[in-house]
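J.: Below are the structure tokens for one structure; questions will follow.
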Amino acid sequence: MTFNETVSIYAQQIFGSLFGAIEYKLALAASIMVLSVILAYLVDIIFKKVLLHFTSKTRFEIDDLVIKAVKRPIYYTVILMGAFLALSVISGAESYLLFFNDILLTILALIWIFTLININKILFDNVMPSVVKKTETKIDDEVLPLLKGISDLVIALVGIGMILEGIWGVNIIPLFASAGIVGIAVAFAAKDAISQFFGGLSIYYDKPFKNGDRIEIGDGQIGIVEEVGIRSTRILDFYNNMIIIPNSIIANNKIINYTSPQPKMMVKITMGVAYGSDVAKVKRVLLDIAKSIDLVLDYPEPSVRFDNHGDFSLDFALILWVRYPSEKFSVINEVNTLIDSEFRKEEIDIPFPTYTILKQ
């Protein structure tokens, strides 16, 4: 037994005991309709004169929009509930009256489905944009329309399901089962797009990098993050080329973020000097070179490490720090230029590989 049948039977029992003749039932039904219209009109006046007047004095716009969105649906709801009650008073047994009850409840449900969709639109148009603007990434701006569409679809599907099963008694389980099979087929066909979408969501929530960060992807691709989208991420490499990488690849690769948690970066420059060179002198010259460059930070201090006795040279490593990763190659250029000139002045030889071929 559906909801409206139950209400009709109870209404018939209550009012039928008070009014035996059909004339009294019709008079009562008419009175209920008149009262429902008057009540709907009073509710409409309250919304116009009281609630909207009150919300107009607040600094928020959304309360005015929500009140305007529900004002007319509530007006129609009061009238439709009056009509539903009036039909229930007349009789609950005739099939055509039960059909009209179902029609009224369906109309009422559709009104509120569209009202909820309208309120959802108000929230996504007036509240959510101000929230996503506070984030640095643009992926949430791209996700927002998608989330709005999904939420609208959920509201519509739930509402239609309640109408079909709650009012008309239609079993919706086979319908959802069929929709599930279709959804699996669509998901399989669009698996690449779906993997990129969820890759974008994982980047958004994990936040391994943000716009402006210098990153390195697992395959050695290095660049500055320009934009994080819902399907792909754009990075600008050292050759000023824009590289578009699918988010599914980024989500499944190792990422090195040279800018986070702080942009300061270590630079290591290796060189070899000839055997017989004064090790202390080499270290002193390298440190003087590092300290003479403005881009090199004083803290952490530059240092020189004697790494190895190589096949053809004594191998050293100059360790220094720069403030931003973008300064790395400028510093390497300056250091190598000064090494060439200062080593010549200090008569420090940089050897090249030599081989001795013995004749038999």
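The values are calculated or read from the model by the stated rules, or taken from the named source; none is laboratory data. Worth saying up front: this structure is predicted, and the values here are computed from it rather than measured. Don't worry about glycine lacking a Cβ; one is built from the backbone with ideal geometry, like all the others, and counts go over all protein chains shown.
J.: Residue check: is Ser277 not assigned by TED's automatic domain parsing to the domain that holds Leu236 and not in a loop (DSSP other than H, G, I, E, B)?
T.: Considered against the rule, which asks whether it is not assigned by TED's automatic domain parsing to the domain that holds Leu236 and not in a loop (DSSP other than H, G, I, E, B), Ser277 comes out as no.
J.: Check Asp237, Asp219, Asp206, Asp213 and return the single one that is farther than 22 Å from Leu144 by Cα and either under 18 Å from the mean Cα position of the chain (by Cα) or touching a residue at least 40 places away in the same chain (Cβ under 8 Å) (or both).
T.: That would be Asp213, the only listed residue that is farther than 22 Å from Leu144 by Cα and either under 18 Å from the mean Cα position of the chain (by Cα) or touching a residue at least 40 places away in the same chain (Cβ under 8 Å) (or both).
J.: Among (1) at pLDDT 65 or above; (2) farther than 25 Å from Phe84 by Cα; (3) in contact with a Phe, Trp or Tyr (Cβ under 9 Å, 6 or more places away or on another chain), there is one condition Gly166 misses while meeting the rest; what is its number?
T.: The one condition Gly166 does not meet is (2).
J.: Of all residues being surrounded by 13 or more Cβ atoms within 10 Å (Cβ to Cβ) and without any contact (Cβ under 8 Å) to a residue 60 or more places away in the chain in segment 331-346, which is nearest to Tyr299 (Cα to Cα)? Just the residue, please.
T.: Looking at residues that are surrounded by 13 or more Cβ atoms within 10 Å (Cβ to Cβ) and without any contact (Cβ under 8 Å) to a residue 60 or more places away in the chain, I get Glu334.
J.: Quick check: is even one residue across segment 52-75 at pLDDT 90 or above, closer than 30 Å to Asp125 by Cβ and hydroxyl-bearing (Ser, Thr, Tyr)?
T.: So far as segment 52-75 goes, yes, one or more of its residues are at pLDDT 90 or above, closer than 30 Å to Asp125 by Cβ and hydroxyl-bearing (Ser, Thr, Tyr).
J.: A further question on this structure: Could you pull out the residue among Ile235, Ile203, Ile222, Ile243 that is among the β-branched types (Val, Ile, Thr), farther than 30 Å from Leu338 by Cα and at pLDDT below 90?
T.: Just a single option satisfies the conditions, and that option is Ile203.
J.: In segment 265-296, how many are out of contact with any Pro (no Cβ under 7 Å at 6 or more places or on another chain) and farther than 11 Å from Ile319 by Cα?
T.: Number satisfying all stated conditions: 19.
J.: Which residue is modelled with the lowest pLDDT, if the candidates are limited to segment 206-219 and must be outside any strand (DSSP E or B) and on the phi < 0 side of the Ramachandran plot?
T.: Checking each candidate, the answer is Asp219.
J.: Further question on the same structure: Please go through segment 288-305 and give me each residue that is in contact with a strand residue (DSSP E or B) (Cβ under 6 Å, 6 or more places away or on another chain) and free of Cβ contacts under 8 Å to residues at least 40 places away in the same chain, ordered by number.
T.: If the condition is that a residue be in contact with a strand residue (DSSP E or B) (Cβ under 6 Å, 6 or more places away or on another chain) and free of Cβ contacts under 8 Å to residues at least 40 places away in the same chain, then Leu295, Val296, Leu297, Pro300, Pro302, Ser303, Val304, Arg305 are the ones that fit.
J.: Can you tell me how many residues in segment 223-234 are within 15 Å of the chain's Cα centre (by Cα) and either assigned to a strand (DSSP E or B) or touching a residue at least 60 places away in the same chain (Cβ under 8 Å) (or both)?
T.: Of the residues in segment 223-234, 6 are within 15 Å of the chain's Cα centre (by Cα) and either assigned to a strand (DSSP E or B) or touching a residue at least 60 places away in the same chain (Cβ under 8 Å) (or both).
J.: How many residues, within segment 287-301, are of a type in the set (A, V, I, L, M) and either surrounded by fewer than 16 Cβ atoms within 10 Å (Cβ to Cβ) or in a loop (DSSP other than H, G, I, E, B) (or both)?
T.: Residues flagged as of a type in the set (A, V, I, L, M) and either surrounded by fewer than 16 Cβ atoms within 10 Å (Cβ to Cβ) or in a loop (DSSP other than H, G, I, E, B) (or both) within segment 287-301 amount to 3.
J.: Next question. Out of the residues in segment 253-285 meeting the condition of being among the hydrophobic types (A, V, I, L, M, F, W, C) and within 49 Å of the chain's Cα centre (by Cα), tell me which one is surrounded by the fewest Cβ atoms within 10 Å (Cβ to Cβ).
T.: Met266
J.: Something else now. Note down all Cβ pairs under 7 Å where the first residue falls in segment 28-41 and is closer than 15 Å to Ile90 by Cβ, the second is surrounded by 15 or more Cβ atoms within 10 Å (Cβ to Cβ) and of a type in the set (Val, Ile, Thr), and they're at least six residues apart or on different chains.
T.: Leu28/Val89; Ala29/Val89; Ala29/Ile90; Ile32/Val89; Ser36/Val78; Ser36/Ile79
J.: Can I ask one more? Sort through Ile111, Ile46 and tell me the only one that's at pLDDT 85 or above and more than 28 Å from Asp152 (Cα to Cα).
T.: Exactly one residue qualifies, and that residue is Ile46.
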